[in-house]
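The values are calculated or read from the model by the stated rules, or taken from the named source; none is laboratory data. What you see is a predicted model, and the numbers here were worked out from it, not measured in a lab. Every residue, glycine among them, receives a Cβ derived from its backbone with ideal geometry; neighbour counts consider all protein chains shown. In case anyone asks, the SASA skips ligands and DNA or RNA and just uses the protein heavy atoms, side chains included. Shrake-Rupley method; radii C 1.70, N 1.55, O 1.52, S 1.80 Å.
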Amino acid sequence: VQWQSVREYEDIRYEKCAEGIAKITINRPHKRNAFRPKTVVELYDAFCDAREDIAIGVILLTGAGPHTDGRYAFCAGGDQSVRGAGGYIDEEGLPRLNVLDLQRLIRTIPKVVIALVAGYAIGGGHVLHILCDLTIAADNAVFGQTGPKVGSFDGGFGASYLARLVGQKKAREIWFLCRQYGAKEALQMGLVNTVVPVEELEAEGIRWALEILEKSPIAIRCLKAAFNAELDGMAGIQELAGHATHLYYLTEEGSEGKQAFLEKRSPDFRQYPWLP
Ligand code: 2NE
């Protein structure tokens, strides 16, 4: 595919291709792609653009690399050098945990998000890949949480959804011991979908994306919401129900109510069957 840059950012790269794929790359390799508040604002902006673009069905999220020292990273979490009292300090001097907004956007965006992980997916960076619908790992990928070591934790999706993926015992091990796990181990525990040689990572991501893009957009968006609904409580039901409303609006029966209101007449729902 041919990538076209969509807009210029400082901390990320954002590209699209004509086949319907967007690629968002965290571009701070000197920090192992750790995010500061500005990085998250830019990621959020790019994800919003991809959400609005009806030509885009799949979003690849990845990290720039390798760095000049030859090491790769997907994302090493929050940038500890800007962490202050109450969060990660932005350019106005205010503490932010805006990555939680980004997590929710990845969770609910009605398109498929695939994490392409080469090198480190650590801390809040590990949580970002957890939130993605699918993860393709390079053979050099390293996964882990560091919170209890560096004075932080993510008790939201980072803990509860991780436990859904790998089971309660393993999730507690990951958080309580802060160990690092290689790609093969991650595959065995159900943390990633597949492992490929690092030089194959993007090509494999594109292959998966193209395969998904052959499928029905409405079926995929409803399935994503359905997978979320079981776990996300009222917010999950809202998401799934929103898709049901969208489908209802597409029917003649749904339009009849609106049309009758606009024509100042009673709606004629008698013409529609009560299907079994
Ligand atoms: C990622 C890891 C294991 C890589 O180790 P290594 O040995 O390959 O690299 P090194 O030398 O540690 O890092 C290379 C450069 O990147 C910076 C380092 O400071 C170093 O900079 P220089 O000394 O060359 O100037 N760097 C790496 N990660 C950084 C980070 N997160 N913030 C700022 N600078 C970083 C190793 O680097 C590592 O363990 N990194 C820290 C991972 C971490 O603890 N992340 C934060 C977890 S908490 C979090 O993300 C969070 C949350 O819990 C809740 C809400 C939001 C966020």
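Annotations for the structure displayed:
- Value of [θ]222 nm, deg cm²/dmol, for the chain, DSSP H segments ≥ 4, -39500 (n - 2.57) each, nearest 500: -12000 deg cm²/dmol
- With protein chains left intact and a 1.4 Å probe, residues in the chain average 53 Å² of accessible area per residue.
- Rounded to the nearest 20, the Cβ-based charge dipole of the stretch 6-71 about its Cα centre (Lys and Arg +1, Asp and Glu -1) stands at 360 debye.
- Where labels lie 7 Å past Cα in the beta-carbon direction, separation of Arg207 and Leu97 in nm: 4.0 nm
- Listed peptides 178-187, 53-62 by packing density, highest first (mean Cβ within 10 Å): 53-62, 178-187
- Surface share of carbon and sulfur [accessible, 1.4 angstrom probe, percent] for the chain: 55 percent
- Rel. contact order, % - alpha carbon contacts under 8 angstrom, at least six apart, the chain: 13 percent
- The simple Förster model, with R0 at 51 Å and r as the Cβ-Cβ distance, assigns Gln180 and Thr251 a FRET efficiency of 0.50.
- Each Lys and Arg Cβ is given +1 and each Asp and Glu Cβ -1; about its Cα centre, the chain then shows a dipole of about 780 debye.
- Dipole-positive endmost among Gly167, Phe261, Gln238 within the stretch 152-276 (Cβ charges, Cα centre): Gly167
- 3J(HN,Hα) couplings calculated from phi for the stretch 227-238 with the Karplus curve 6.51 cos²θ - 1.76 cosθ + 1.60 (θ = phi - 60°) are, in sequence order, 4, 6, 4, 4, 9, 9, x, 4, 5, x, 5, 4 Hz; Gly and Pro show x.
- Amide H within-cut-off set for Val142, under 5 Å, with H built and near neighbours excluded: Gly119, Tyr120, Ala121
- In the stretch 116-200, a dipole from Cβ-located charges (positive for Lys and Arg, negative for Asp and Glu) runs towards its positive end, and of Gly156, Leu187, Tyr120 it is Gly156 whose Cα lies farthest in that direction.
- Overall, the stretch 101-175 carries a charge dipole of about 220 debye about its Cα centre when +1 sits on the Cβ of Lys and Arg and -1 on the Cβ of Asp and Glu, all other atoms neutral.
- Nearest-ten-degree value, helix 99-108 long axis tilted from longest Cα axis of the chain: 40 degrees
- Among His246, His129, His67, the order of accessible area from largest down is His246, His67, His129, computed with a 1.4 Å probe on protein heavy atoms.
- Here is the list for the stretch 227-276: trypsin sites (Lys or Arg not before Pro) lying in DSSP coil, each with at most 12 other C-beta atoms within 10 angstrom of its C-beta, are Lys264, Arg265.
- Our coupling estimate for the stretch 265-276, obtained by passing each phi through the Karplus curve with A = 6.51, B = -1.76, C = 1.60 and θ = phi - 60°, is 10, 6, x, 9, 8, 4, 6, 9, x, 8, 4, x Hz, Gly and Pro reported as x.
- Annotation: amide H-H contacts under 5 Å for Gly78 (H modelled 1.01 Å from N, sequence separation of 5 or more, or interchain): Phe35, Gly124, Gly125.
- Distant-in-sequence amide contacts of Gly167, defined by a placed amide H-H separation under 5 Å and a gap of 5 or more residues or a different chain, comprise nothing.
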